[in-house]
Amino acid sequence: MPAEVTITFLGGLGDIGRNCAAIETGDELLLLDCGQLFASEDEPGVDSILPDIDYLLERSDRIIGCLVTHGHEDHIGALAQVLSRGLEFPIYGSAFTLGLVKYRLEERNLLGRTELIEVADDESVQIGSFGVEFLPVTHSVPGGMISAITTPQGIVLHSSDFKLDPHPVDGRRTNLPRIGALAESPGIRLMLADSTNADSPGTTASESSMGPTLSDVFRENADRRIITACFASHMHRVQQIIDAAVEQDRRIATLGLSMLKNVALARSLGVLKVPEDSFFDIKDIGDFAPGQTCIISTGSQGESRAALATAAAGNSKWISINKHDTVLLSSHPIPGNEAKVSTMINDLVRRGAEVVHSGLVDIHTSGHGKRAELTTLHTVANPEWFVPVHGEYRHLVAHAELATSLGMADDRVLLAEDGDQIVLGNKGLRLKKKVTKGHHLLLNGDFLGPDRGVLADRLGLGQQGMVSITAVVDFDSARQMCDPWVEARGWLDGDDGREISEQIIKLVSKAIDEELRTADWNRDTLIRRVRRAAGSCVHQQSRRRPMIVPIVIDV
Ligand SMILES: [Zn+2]
Ligand SMILES: [Zn+2]
């Protein structure tokens, strides 16, 4: 009897980000992606949210490798964190994907902990008991791969992030014919597929349709300096920006370290095709008239530390935004980033620039296929079982409904979430709920841990502020040595605050005296009394509940 195969979802099912799954059979575990999710403004102080790394740490001796489907942060961004916690395994991916992985690992001195194994389009590799065929797929980064994984329970097809672009900029189309052939023989036992746009009808526009629009914008701004921003890994967009610039004899410079590095990587791999002398160093920008240059920058999401927002705020070392600039934002804000992008646009306009964004002109298309493309994949792959992945819950549900509307039986489509495990056995696929906890937070730079109330405290502090009350007591003689004092941060200010502080001091002092007259007072009872007295006064007077921090010092 063939061994069972389990797939445990460690992230990426329920939000878009931190994609990571562990596929296991016998005592072997193969990772499918290892990404991070950037924290939102509701998570102050959190850098990013990672997949459930504990699951991997508990099985460290079983990990035989990691497939990285493509180079987006939500698929590779947690590799450094995982490797830095003592795990060692080889990483498989396309040349461009591994180039991006290498940058991340180099930054953390982790290259020694892994072997980067490059795979070519349509190549098959045996990794332990798993045979993996890497098929090219179109997406918003070069080198994306669908993996067809041969397991003891048949083929598991992992779509990766994809759209079905009939006219990809690099001519590298999705290998649907091969998926069709596998569906024919031996058949696809289970498919896991991208659900990001499962609730959007139609098809996603081809990336190459951006070229003519970009050229138009360049022509309309012939005498002006053009500053463009897009995702730093989106080399097909960068290629089309370069083509539009070269058409007008503009010279090109990159702005922002990741754009500089990614363009260099793409040029070295032949992913970007650029005339040799088209680039100049951004530090020489002063040598050119506005209409002679094009700058390709990072920071299309308004990230405050990225190059474009820095320039918009007037803090760039290299460029100063002015009335000769047209800034072209070739991206949509990711949900959650709208406010940051809006602030940046205001800053740019304040400095005199004209801003062209995707709300005005069609200068962006998604990297994720919509319902018609998902339908095509389902029809070609014709899987026996299906689990939607990569999406918020509503996207997963929409994708499950799409699959059943195409003729799959309801009980052949399983809806899993983070922490769930699916088990593929001789009788089919079953779902085990919550075999693992879910996610971890990366707090405060290098400290990694689950949230035990830190976030709630931070949000409370942010909204209500903090009041601390310090009392000094001689524990031997059971006497207060001086009046308590109050310190507040982010609470009431000025005279209002002072008046209430005086009341707090009186009430707290009285409460301590009362407590010291009881028979069984101790430090804990004193602290409780201080907290209660101060808390009720603060709440009555200000109708707010700042964090109360009582301190009792024994002298
Ligand atoms: Zn993704
Ligand atoms: Zn992606």
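Here is how the numbers come out for the structure above:
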quantity: Magnitude of the charge dipole, the chain, Cβ model with Lys/Arg +1 and Asp/Glu -1, debye to 20; calculated: 680
quantity: Fewest-first sequence of 23, 296, 282, 64 by Cβ atoms within 10 Å of each Cβ; calculated: 64, 282, 23, 296
quantity: Cα-Cα over 22 Å, subset of 261/317; 370/433; 283/323; 102/283; calculated: 370/433; 102/283
quantity: Selection from 453, 546, 152, by position along the positive dipole direction of the chain (Cβ); calculated: 546
quantity: Cβ-derived FRET efficiency at R0 41 Å, residue 447 paired with residue 540, nearest 0.05; calculated: 0.65
quantity: FRET efficiency, 1/(1 + (r/R0)^6) with R0 30 Å, evaluated for residue 334 and residue 209 via beta carbons; calculated: 0.90
quantity: Low-density loop cleavage sites - trypsin sites (Lys or Arg not before Pro) in the range 515-548, where at most 11 other Cβ are within 10 Å (DSSP); calculated: 517, 543
quantity: Part-to-part distance (alpha-carbon centres) for the range 384-431 and the range 487-555, which is given in Å; calculated: 55
quantity: Ordering of 6-14, 444-452 by burial proxy (mean other Cβ atoms within 10 Å per residue, highest first); calculated: 6-14, 444-452
quantity: Alpha-carbon centroid distance for the pair the range 184-208 / the range 295-363, whole angstrom; calculated: 32
quantity: Least to most buried among 422, 285 (fewest other Cβ within 10 Å first); calculated: 285, 422
quantity: Value of D in µm² per second that Stokes-Einstein yields for the chain, Kirkwood Rh from Cα pairs, at 20 °C (1.002 mPa s); calculated: 81
quantity: Vicinal HN-Hα couplings computed from phi for the range 150-162 (Karplus, 6.51 cos²θ - 1.76 cosθ + 1.60; Hz; Gly/Pro x); calculated: 7, 10, x, 9, x, 8, 9, 9, 10, 5, 6, 6, 8
quantity: Where GluC sites (Glu not before Pro) fall in DSSP loop in the range 1-79, at most 13 other Cβ within 10 Å; calculated: 41, 58
quantity: Test item: Cα-centred dipole of the range 56-99, Lys/Arg +1 and Asp/Glu -1 on Cβ, debye; calculated: 80
quantity: Kirkwood estimate for the range 505-555, i.e. one over the average of 1/r between Cα atoms, Å; calculated: 11.4
quantity: Alpha carbon centroid spacing (whole Å) that separates the range 131-157 from the range 240-272; calculated: 29
quantity: Fully extended contour minus Cα-Cα distance, from residue 57 to residue 42, at 0.36 nm per residue; calculated: 2.6 nm
quantity: Alpha-carbon Debye profile of the range 465-554, log10 I(q)/I(0) at 0.16, 0.25 Å⁻¹; calculated: -0.57, -1.23
quantity: Degrees, to the nearest 10: 393-405 long Cα axis against longest axis of the chain; calculated: 30
quantity: Rg to Rh, two decimals, where the range 207-356 supplies the alpha carbon set and Rh follows Kirkwood; calculated: 0.93
quantity: Taking 160, 536 and counting other C-beta atoms within 10 Å, the order from fewest to most; calculated: 536, 160
quantity: ³J(HN,Hα), Karplus 6.51/-1.76/1.60, whole Hz, each residue of the range 502-511, x for Gly, Pro; calculated: 4, 5, 4, 4, 4, 5, 5, 4, 5, 4
quantity: Per-residue [θ]222 nm for the chain (sum of -39500 (n - 2.57) over DSSP H runs n ≥ 4, rounded to 500); calculated: -9500 deg cm²/dmol
quantity: Degrees, to the nearest 10: 235-247 long Cα axis against longest axis of the chain; calculated: 70
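All of the numbers you see were taken from the coordinates with simple rules; none came from a lab. Because the structure is a prediction, the values reported are computed rather than measured. When we count neighbours, we look across all protein chains shown, and the Cβ atoms used for this are built from the backbone with ideal geometry, even at glycine.
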